[in-house]
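S.K.: Dumping the structure here so I can ask a few things about it.
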Amino acid sequence: DPEQVRLSADILRTLEEAGHTACWVGGCVRDELIGRPVNDMDIATSAHPEEVDALFPRTIPTGIEHGTVTVVMEKIPFEVTTFRTESDYKDFRRPEEVTFVRSLQEDLRRRDFTMNAIARGLDGKYVDPYDGRGDLERGLIRCVGEARERFREDALRMLRGVRFASVFGYELEPKTWEALLELRGNMRHIAAERIRAELEKMLGGPKPAEGLLLLARSGLLAEAKIRLTPQALESARPEQLDVLPPKPAELRWAALLQGIGVSGDEAENLLKSWTFSGGFAKSAAALLRIDARMNAAGFSTEVAAEEKNLRLAFVRCVLDFGRTAAENWRVYHSMMDKADGKSTACFQLTADWMAAIPAESPRELALGGKDIVERLDRKPGPWLGDLIRRLLEATAMGSIANEREALLENLVRIEEVPGAQK
Ligand code: ATP
Ligand code: MG
């Protein structure tokens with residue numbers, strides 16, 4: 001984004017005019033070099049946080065103790081981080097304490113991989129003490145300095161390495177890989193949330209299958225807080241993940257869970273324990289629940305003709321889990337069929353079934369609970385919910401129009417409406 005480049009260049013210039021050193025560094029320099037879209041323009045500087053704060057009218061003290069100040073330029077936030085070293089790594093996690101330093105070289109030394117330890121100045125010159133550009137050309141993920149030391153300091157780096165290898169289609173340089181195999185047990189100290197974030201990036205990448213296979217070979221998560229054993233990963237048919245689109249993310253997560261033998265009912269709690277939001281856990285689990293129900297009903301490409309029982313099973317899924325989940329399942333199922341070399345004709349069929357559903361919830365029904373109670377002259381009770389549900393199913397199946405008169409007329413007969421019995 002040229003706007004971000006211009007604004008972040010303005011920040012660099014302001015810092016330099018005040019006598020500090022400043023540069024772009026890390027992910028943005030790397031991504032620009034390999035022609036990937038850049039998301040955050042991270043800036044590193046010799047200026048201390050309070051000096052950064054004093055130079056710009058709009059700042060947010062994002063992580064002052066870690067040296068990070070967010071500078072807001074024309075409403076766009078930029079993270080400006082003071083050159084620092086990290087010391088006192090405890091429990092194989094990143095340190096709580098950092099020490100500010102005045103030299104860029106020292107700052108680059110604490111970074112994880114050579115390709116992430118490249119800085120670029122306003123003059124367009126690169127500071128690349130570990131030949132990160134060479135490794136980018138070779139397609140190698142290589143630790144800065146001694147791999148064993150870097151992984152011992154922060155075990156998450158091992159998983160980052162696998163993630164970068166997967167997303168970029170690179171390889172781990174032999175010494176880096178060796179150190180990873182030696183220290184993989186330390187992954188058990190890493191919080192589920194940080195693991196989850198890496199896995200999300202991996203699954204959102206262009207080749208999640210290779211990533212999962214590499215993850216299997218690495219054994220990194222065999223005892224981790226998000227536990228994925230090599231055996232589970234290899235039996236999961238990870239190649240299917242590549243067939244699914246990266247978004248919505250539920251699709252690939254559902255495929256992974258299904259592959260490792262997690263049921264729809266188990267999936268929601270498992271994903272929550274992996275620190276996913278309740279909403280995400282629910283919608284990914286819904287996809288698996290729909291899949292299980294549809295399979296139980298006998299849905300497959302071959303039999304998916306105009307069969308009432310299949311359509312009813314689908315309609316019930318839409319009513320129980322909502323349209324979005326049903327949409328996700330349609331994509332999921334047809335992509336999986338495609339991966340297996342089957343026809344995807346059912347994709348259109350289920351679209352037709354879905355389009356024919358006039359009401360998904362009681363308030364979309366052309367008849368309210370009050371009308372029903374009055375017409376039948378019965379006291380409200382659990383029967384009312386059941387009846388409304390049957391009306392929803394009947395309208396969804398096209399047996400009754402979603403019109404007040406038609407619904408009223410059918411109230412008494414509703415038990416007999418084809419496809420409407422529970
Ligand atoms: P992404 O594309 O996922 O944003 P990134 O490399 O930019 O990848 P960030 O987490 O944004 O990752 O970190 C920015 C930079 O900070 C990295 O490029 C790297 O130099 C450094 N860094 C991040 N995490 C670590 C870590 N665990 N150990 C050492 N350096 C790290
Ligand atoms: Mg980044």
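The values are calculated or read from the model by the stated rules, or taken from the named source; none is laboratory data. Every value quoted in this text rests on a predicted model; they were computed, and no experiment measured them. Glycine also receives a Cβ, built like all others from the backbone with ideal geometry; neighbour counts cover every protein chain displayed.
S.K.: Please work out if Thr14 is within 24 Å of Arg150 (Cβ to Cβ) and either crowded, with 18+ Cβ neighbours inside 10 Å or more than 14 Å from ligand 1 (Cβ to nearest atom) (or both).
M.R.: no
S.K.: Moving to a separate point now. Among the residues of the stretch 321-344, which ones are of a type in the set (Gly, Ala, Ser), in a helix (DSSP H, G or I) and at pLDDT 95 or above?
M.R.: Those that are of a type in the set (Gly, Ala, Ser), in a helix (DSSP H, G or I) and at pLDDT 95 or above: Ala325, Ala326.
Okay, residues lined up against (1) within 23 Å of Ala285 (Cβ to Cβ); (2) surrounded by 20 or more Cβ atoms within 10 Å (Cβ to Cβ); (3) touching a Lys or Arg at 6+ places or on another chain (Cβ under 8 Å):
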position	(1), (2), (3)
Lys338	no, no, no
Gly341	no, no, no
Asp352	no, no, no
Pro358	no, no, no
Lys370	no, no, no
Pro380	no, no, no
Trp383	no, no, no
Leu392	yes, yes, no
Leu407	no, yes, no
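S.K.: I've got another one for you. If only one of Thr45, Thr81 is hydroxyl-bearing (Ser, Thr, Tyr) and away from ligand 1 (no atom under 12 Å from the Cβ), which one is it?
M.R.: After ruling out the rest, the residue left standing is Thr45.
S.K.: Check His66 against each of (1) surrounded by 13 or more Cβ atoms within 10 Å (Cβ to Cβ); (2) in contact (Cβ under 8 Å) with a residue 12 or more places away in the chain; (3) over 24 Å from Ala155 (Cα atoms) and name the one condition it does not meet.
M.R.: The one condition His66 does not meet is (3).
S.K.: Another one. Mind checking which residues of the stretch 1-31 are within 16 Å of ligand 2 (Cβ to nearest atom) and in contact (Cβ under 8 Å) with a residue 40 or more places away in the chain?
M.R.: Gln4, Ser8, Cys23, Trp24, Val25, Gly26, Gly27, Val29, Arg30, listed by residue number.
S.K.: List the number of the failed condition for Pro37; all other conditions in (1) of a type outside the set (Asp, Glu); (2) on the phi > 0 side of the Ramachandran plot; (3) within 16 Å of ligand 2 (Cβ to nearest atom) hold.
M.R.: (2)
This table checks each residue for (1) of a type outside the set (Val, Ile, Thr); (2) over 30 Å from Gly134 (Cβ atoms).
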site: Val38; (1), (2): no, no
site: Ala47; (1), (2): yes, yes
site: Val52; (1), (2): no, yes
site: Thr62; (1), (2): no, yes
site: Thr70; (1), (2): no, yes
site: Ser103; (1), (2): yes, no
site: Arg111; (1), (2): yes, no
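S.K.: Restricting the first residue to the stretch 180-202 and requiring it to be touching a residue at least 24 places away in the same chain (Cβ under 8 Å), which pairs with a second residue that is β-branched (Val, Ile, Thr) and part of a helix (DSSP H, G or I) meet a Cβ separation below 9 Å and a spacing of at least six or different chains?
M.R.: Hits for this filter: Leu180/Val162; Met187/Ile195; Glu198/Val162; Lys201/Val167; Met202/Val162; Met202/Val167.
S.K.: With the condition being buried (at least 18 other Cβ atoms within 10 Å of the Cβ) and within 12 Å of ligand 1 (Cβ to nearest atom), I'd like the helices (runs of 4 or more DSSP H) fully within the stretch 139-221 carrying at least 3 qualifying residues.
M.R.: 147-153, 156-168, 192-203
S.K.: Somewhere in the stretch 306-320, is a residue among the β-branched types (Val, Ile, Thr), part of a helix (DSSP H, G or I) and surrounded by 15 or more Cβ atoms within 10 Å (Cβ to Cβ)?
M.R.: Scanning the stretch 306-320 turns up at least one residue that is among the β-branched types (Val, Ile, Thr), part of a helix (DSSP H, G or I) and surrounded by 15 or more Cβ atoms within 10 Å (Cβ to Cβ).
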